[in-house]
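The values are calculated or read from the model by the stated rules, or taken from the named source; none is laboratory data. Computed from a prediction, not measured in an experiment: that's the story for all the values here. When we count neighbours, we look across all protein chains shown, and the Cβ atoms used for this are built from the backbone with ideal geometry, even at glycine.
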Amino acid sequence: MLRTAGRCILRLDSRGAHAHLPAKPTPQSQFHCQSQLIFIRRLASSRPSRKQTRKSALKPLPKSPVISKVRLRDYQEECITSVLRALKQGHKRVGISLATGSGKTVVFTQLIKKIPPRGDGDRTLILAHRRELVEQAARHCQAAYPGKTIEIEMGNVHASGTADITIGSVQSLVSKGRLDKYDPSAFKLVLVDEAHHIVASTYLKVLQHFGLNVKQEDSPALVGVSATFSRFDGVKLGAAIDEIVYHKDYVEMISDKWLADVVFTTVKSTANLSKVRSSTFGDFQVGELSRAVNTDEVNDIIIRSWMAKAGDRKSTLVFCVDLAHVSDLTERFRHYGYDARFVTGETNKVERGAILDAFKNGEFPVLVNCGIFTEGTDIPNIDCVVLARPTRSRNLLVQMIGRGMRLHPGKKNCHIIDMVSSLDTGIVSTPTLFGLDPSEIVTEATVGDMRQMKLHKEKEKESGRAADGTGSSSSVDAVTFTDYSSVMDLIADTSGEKHIRALSPLAWVQVPGDRFILGAPSGSYIRIERTEAQTSPPQPNAPGPSWRAVEVRALPEGISKSPFAAPRELLTAATFEDAVRGADNWAQVNLPRTFILRNHPWRKVPASPGQIDFINKFRGGNKPVTQKDLTKGAAADMITKLKHGARGHFSKISAHQRRRERQTSAARSFHDKENVRVGPVAM
């Protein structure tokens, strides 16, 4: 039985209960933010009494698609099979990584019935962090399981704790003892939507209640679902998820025709991001970013670029930096004669619903927002996405692009227009997702074109390595070859820090061996490095960690022959960017911020006499440096390089240069002998 807006609805079931359905709901009533839905235990054949039909503020639930009758796609079947296989093998906390638009809600809804009870426990809890996600899951569960009791725990709607399926807002569950009514032994499954949030403290509190904060046998199964199974702050998801058992990204799904094709255009704007500081987690600070991006000149470039490249598109979604940017850019669209409307977190629920419905119906062409439609939004008619909000976060970028990838009748493709600053500040632009440098400018490139560009770049790198005579590779920066005439030239070269310093506000220094050092005043340091080959085979469809961060503590004199303790592993990560985020988080909590911040004032004053003396010891016959030549920060970085292998690295470089010179000389001599010259013949 569904209780809603003072009316009771009996769902039709196998025992013949009658169905009393509400009239077709108005757009404003379709599960907007005030909508509250409670599914009460169904009654076999009796109608509800008047007492059971007390008035409430609940809105009618729109009819849902009959998910239970939908034939699963092949990858959805594979995904469910992977989860069941992992659970059968004894894994309790697993993750599945599926692209936006892949039907994640369908997958986890269908998964519920396939997981066997745990003793007497046969209940399921679905966790989400946004109202839209809670409501979406409720609609799917209602359609898939009409014979089960389904309840919502959110805001002032309280579930009983004993329903077959409960969909809960994580913020509501952890407030005022609401978790206490849920008996962990009665649950077989906890599902987490948008599971890249799962290591937030609210989620961890819920997991602890169900015995899922650590891996243990006597607990429900935990399945986390996300399109972006990583965190921009580098916090490891391994605190809550033990295995990623299935992965299918959106590039594959576009190729397999499960998602709409995508056309990319990147545009260089005049926005100057060089002075925009980073937030705690490494992305741009919103206030400063808005001041840099939200200018008449930049907004004009955005509108004119859209007019030139996508002015004939039917449904364009624009992502902005903040409320002021939303307002100004919307007005700019209107100035050029386009019907643009906006939605923000401050838009009231009724107005927001009306605007969304009108946009879905094609009543106006441009919808502008900031931070509203990155997760849990289903607007399949979107055929253009304008990224007017620069970001360094791959997750945010994927979420924004994903809004336009759903299939829709009459939709040929989705055009992504990425406004990229012309300055190299580490911004993650669209091509970065395909392995290209962020400065790559693409005009109407398809996914296939992007792949070809990536392959072409990889071939160029391989050719460069072959010419250099080495097989080393690095995904951290583009491969270049630079000759150094002295060790001092080597340690003075800061080009290796270009990439990491675009990702981090801290004073990381690149040293030989694809390693990065962040020093502390005590002599201790953090090191980011590549991991050794894994001893166990990687999980299906999921890469193992490629990078790790370790702490190396300096020891007091006399304690050990070595001046340092053994390295202590802080984290492992699948990508260099994730390793940097995590290491930055740890460093900013455990090391003095004044010492590790790259732009701290002390780094800009002249080098100390002690620093100058130390550096000059290694200059040999070169002219000594003075305090006028170096800042404290530059000197500290040079000393770090000297302490971490720069001299040995210079010896290898010098030997390689000498070998290359000998090869060049021999080749020149060989060619000289082949040439025929007029004159005496050499004896």
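Couple of notes before you dig in:
- Selected residue (criterion: modelled with the lowest pLDDT) from residues of the stretch 544-565 that are under 15 Å from Phe576 (Cα atoms) and either loosely packed, with under 14 Cβ neighbours inside 10 Å or of a type outside the set (D, E, K, R) (or both): Gly544
- Residue match in the stretch 530-543 (condition: more than 30 Å from Ser82 (Cα to Cα), at pLDDT 85 or above and either touching a Ser or Thr at 6+ places or on another chain (Cβ under 6 Å) or surrounded by fewer than 21 Cβ atoms within 10 Å (Cβ to Cβ) (or both)): no
- Answer from Gly147, Gly177, Gly101, Gly121 - the residue that is modelled with pLDDT under 95, at positive phi and either surrounded by 22 or more Cβ atoms within 10 Å (Cβ to Cβ) or over 27 Å from the mean Cα position of the chain (by Cα) (or both): Gly177
Results for (1) under 16 Å from Leu506 (Cβ atoms); (2) touching a Leu at 6+ places or on another chain (Cβ under 7 Å), shown as yes or no for each residue.
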| position | (1), (2) |
| --- | --- |
| Phe576 | yes, no |
| Val589 | yes, no |
| Ile596 | yes, yes |
| Ser608 | no, no |
| Lys617 | no, no |
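- Selection of the stretch 586-603 for residues being assigned to a helix (DSSP H, G or I) and of a type outside the set (Phe, Trp, Tyr) yields Ala587, Gln588, Val589, Asn590, Arg593, Thr594, Ile596, Pro601, Arg603.
- Per the listing Asp418, Asp328, Asp357, the residue uniquely among the acidic types (Asp, Glu), touching a Pro at 6+ places or on another chain (Cβ under 9 Å) and farther than 26 Å from Asp193 by Cα is Asp418.
- Output for the stretch 81-106, where each listed residue is over 16 Å from Thr228 (Cα atoms), touching a residue at least 60 places away in the same chain (Cβ under 8 Å) and either in contact with a helix residue (DSSP H, G or I) (Cβ under 8 Å, 6 or more places away or on another chain) or part of a loop (DSSP other than H, G, I, E, B) (or both): Val83, Gly90, His91, Lys92
- Residue pairs meeting the criteria (Cβ under 6 Å; at least 6 apart or on separate chains; first closer than 18 Å to Arg277 by Cβ, in the stretch 582-602; second polar (S, T, N, Q) and assigned to a helix (DSSP H, G or I)): His600/Thr594
- Filter pass, Arg581 being at pLDDT 90 or above and either touching a Lys or Arg at 6+ places or on another chain (Cβ under 6 Å) or within 21 Å of Gly513 (Cα to Cα) (or both): no
- Some residue of the stretch 336-350 being surrounded by fewer than 17 Cβ atoms within 10 Å (Cβ to Cβ) and not in a loop (DSSP other than H, G, I, E, B): yes
- The set of residues from the stretch 266-288 being touching an Asp or Glu at 6+ places or on another chain (Cβ under 8 Å) and hydrophobic (A, V, I, L, M, F, W, C) comprises Val267, Val276, Phe281, Val286.
- Residues satisfying the stated conditions in the stretch 192-226, i.e. touching a Leu at 6+ places or on another chain (Cβ under 7 Å), of a type in the set (A, V, I, L, M) and closer than 16 Å to Ile244 by Cβ: Val192, Ile198, Val199, Ala221, Leu222, Val223, Val225
- Among all positions in the stretch 278-297, there is at least one residue which is under 19 Å from Ile416 (Cβ atoms) and touching a residue at least 40 places away in the same chain (Cβ under 8 Å).
- Selection count, the stretch 189-218, where residues are closer than 18 Å to Gly121 by Cα and buried (at least 21 other Cβ atoms within 10 Å of the Cβ): 6
So that you can scan it fast, the table gives a plain yes or no per residue for (1) at pLDDT below 70; (2) under 16 Å from Gly101 (Cβ atoms); (3) surrounded by 23 or more Cβ atoms within 10 Å (Cβ to Cβ):
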| residue | (1), (2), (3) |
| --- | --- |
| Thr391 | no, no, no |
| Gly426 | yes, no, no |
| Phe434 | yes, no, no |
| Asp437 | yes, no, no |
| Thr443 | yes, no, no |
| Val447 | yes, yes, no |
| Arg451 | yes, no, no |
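- If you check Thr594, Thr626 for being surrounded by fewer than 13 Cβ atoms within 10 Å (Cβ to Cβ) and at pLDDT 90 or above, only one passes: Thr594.
- Hits in the stretch 285-315 (condition: in contact with a Leu (Cβ under 7 Å, 6 or more places away or on another chain) and of a type outside the set (A, V, I, L, M)): Asn299
- For Ser230, the test of being part of a helix (DSSP H, G or I) and either modelled with pLDDT of 80 or more or touching a Lys or Arg at 6+ places or on another chain (Cβ under 9 Å) (or both) is failed.
- One residue stands out among those in the stretch 351-399 that are more than 24 Å from Arg139 (Cα to Cα) and assigned to a helix (DSSP H, G or I): the one that is nearest to the chain's Cα centre (by Cα), which is Asn395.
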